[in-house]
1. Considering only protein heavy atoms, what is the solvent-accessible area of Thr582 at a probe of 1.4 Å, reported in Å² to the nearest 10?
2. Checking the a/c ratio against 1.5 first, then a/b against b/c, what shape does the Cα gyration tensor give for segment 466-532?
3. What is the local net charge at Leu498, summed over the other residues whose Cβ is closer than 15 Å to its Cβ (Lys, Arg +1; Asp, Glu -1)?
4. Which FRET efficiency, nearest 0.05, do Ala219 and Thr381 yield, Cβ-Cβ r, R0 51 Å?
5. Which GluC sites (Glu not before Pro) in segment 405-455 pass both tests, a DSSP loop state and at most 14 other beta-carbon atoms within 10 Å?
6. So, with +1 on the Cβ of K and R and -1 on the Cβ of D and E, and no other charges, what is the size of the charge dipole of segment 387-506 about its Cα centre, to the nearest 20 debye?
7. Using only the alpha carbons of segment 271-428, determine the length spanned along each of the three principal axes and report them from longest to shortest in whole angstroms.
8. Tell me which of Gly473, Ala538, Ile431 sits at the most positive position along the dipole axis of segment 431-545, charges placed on C-beta atoms (Lys, Arg +1; Asp, Glu -1).
Amino acid sequence: MPGPGDPDSGAPDELSWPTEDDDSGVFEIAPESPTVQVPTPQAKPSADPPTVKVQRPKPVEHPVPKPRPADPPTMRMQVPRPQPKLPPLSPPQRPPVQADPPTQRAMPERIPAQKTEPIADAKPAAQPAAREPEKPAEPAVEPKRKKPLLLVGALVAVVALVGGGIYAATTLDFGGEAALTTAPPAPPAKVSFSVKGVAGDAPAPTASGVGAALAGPAAAGVLSPLTGVVIDPATGTALWQQGDTTPQIPASTIKTLATAAALLSIDHTAQLSTKVVQGDAPGTVVIIGGGDPTLSSQPDGTTTVYPGAATLDDLAAQVKANATAPITAVQFDLSRYAGEGTAPGWDQADIAGGSITPIVPFMVDGGRQDTKNPNSPRTATPALDAANGLAQRLGVATAAPGPAPAGGNPKVLGEVKSAPLDQLVENTMQISDNILAEALAREVAKVTGQPPSFEGAAKAVKDVLTKNQFDVGGATIVDASGMSPQNKIPAKLLGQILEVAAKPDASDPRTAKLRPLLTALPVAGGSGTLANRYQAAAASGKGWVRAKTGTLTGVNSLAGAVVDTDGRLLVFAFMSNSPGNTDEVRQALDVLAATLRGCGCA
């Protein structure tokens, strides 16, 4: 993870509706008979309208009321016309809502007044039956026969309104599930970090072309002193060099060396194991630290800074299931590592600052207090904290240091494993994780017969690189994370490792082993420590540059790969030990890499 002042923390491919149609109108309903249209005599109006006889209607001919706005009776009731509003996820493919016939009436989707209000308002429309006594007795026969009809009509009106509401709520799907007429939207596209082959016939850039392109950006005063190299992996030709053999403080770009050595010397499917075994004393169990700093204190399925991490919960469950007696004591064995927990040049303030924690073979979440924040403050006692976490899951208050049981084959009560090596390398490079880098370097020491300490790991990394024909002359390695300002390496070494990893074919047996190094690099403006970089002047490199960052006080570096506009893959390493403003130096380095993207320097 980033060092102090190295919070650079991103793939460029990023992924990324409602219309309202308003309408309103008035429906008119006859108060005398909501369900039966009564033809009014065409004679001139008289002074005594109640004495006018009307023809008795036939119910069978008019079972459903049809509002006629052009022929209003003596009373009008305004009903809001449906105002359908399309839901955000469904295209407007539903049948149009019409006011005629009444059974197709659909109330507005967002108006909950569909419940009872319209029905209650419709009931008074059938009340003329209660005013029958006010009519003269002369036409008494007809009103008596009309009264049941009016009651039936009112009931029909109620049924029609209720039916219309039900129809609107179910058939026309105003908020329900029944009327989904389109398939749900496609899920977001899956993004997979990978490096695809570039065209083999892309024009080869020339040294003069690249030199001319970089002349201006490389001369920026904020970068001085600047060293670096640009190489064409297809030919192995160095296209630009500036002090590339002069050792400089690399900061976190030194992680490129440690991860390369791990990929070259350890099986890519290897995993780091944490075990709990039966102790010598009854009821005692012993945690055997296996060098996995990614072990999670969170429940299964919880996302942390370490994808695919094993969990304390799983380990505790296994121990409980396999223990043959009540557990009364928990101990932890840290003998897998040797030497001091911190390297020369490390600042103890960086523990609370979120960059380091003492390097021990048993811890959880890289010693972080916030398991989801790569830059979270760390603990100064990572092993004890992790052991206490497991002990409490086993019903024991606290744990204590203790050796593994005598003899070489104690009973294993539980075991969990980390993600495979190639995934650990990617995690290391993406978030610039200092603790994971140190753990990988110690594994290199173990497989090469060196002491699993800072000194042993440094020697092992150099030995593996030398064995694989990389020139480590002039390199001083104190730690694997780059936290120590005592580290010094030349830009040429970084360039050589990236050149082999990026070769276009498998003619070099080292390339297949180092290829995961390329896919592990953060993407400019997209992932890891480059997620928030490549803005403004360097924006042309966004998505095209992949690189490892490095930052300490007065130190900034960038090493990675880029495809130029002609389709040619180039690798580079730029190192600045300028005391200038960190943000300005970083941007100047980004501009250098972005210039290579726009070069086309054939």
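The values are calculated or read from the model by the stated rules, or taken from the named source; none is laboratory data. What you see is a predicted model, and the numbers here were worked out from it, not measured in a lab. When we count neighbours, we look across all protein chains shown, and the Cβ atoms used for this are built from the backbone with ideal geometry, even at glycine. The area values use the complete protein model at the heavy-atom level, side chains included, leaving out ligands, DNA and RNA. Shrake-Rupley method; radii C 1.70, N 1.55, O 1.52, S 1.80 Å.
1. 50 Å²
2. Oblate, since a/c reaches 1.5 and b/c is not below a/b.
3. After counting each charged neighbour, the total is +4.
4. 0.55
5. Hits after loop and neighbour filter: nothing returned.
6. So the magnitude is around 300 debye.
7. 43, 34, 29
8. Ala538
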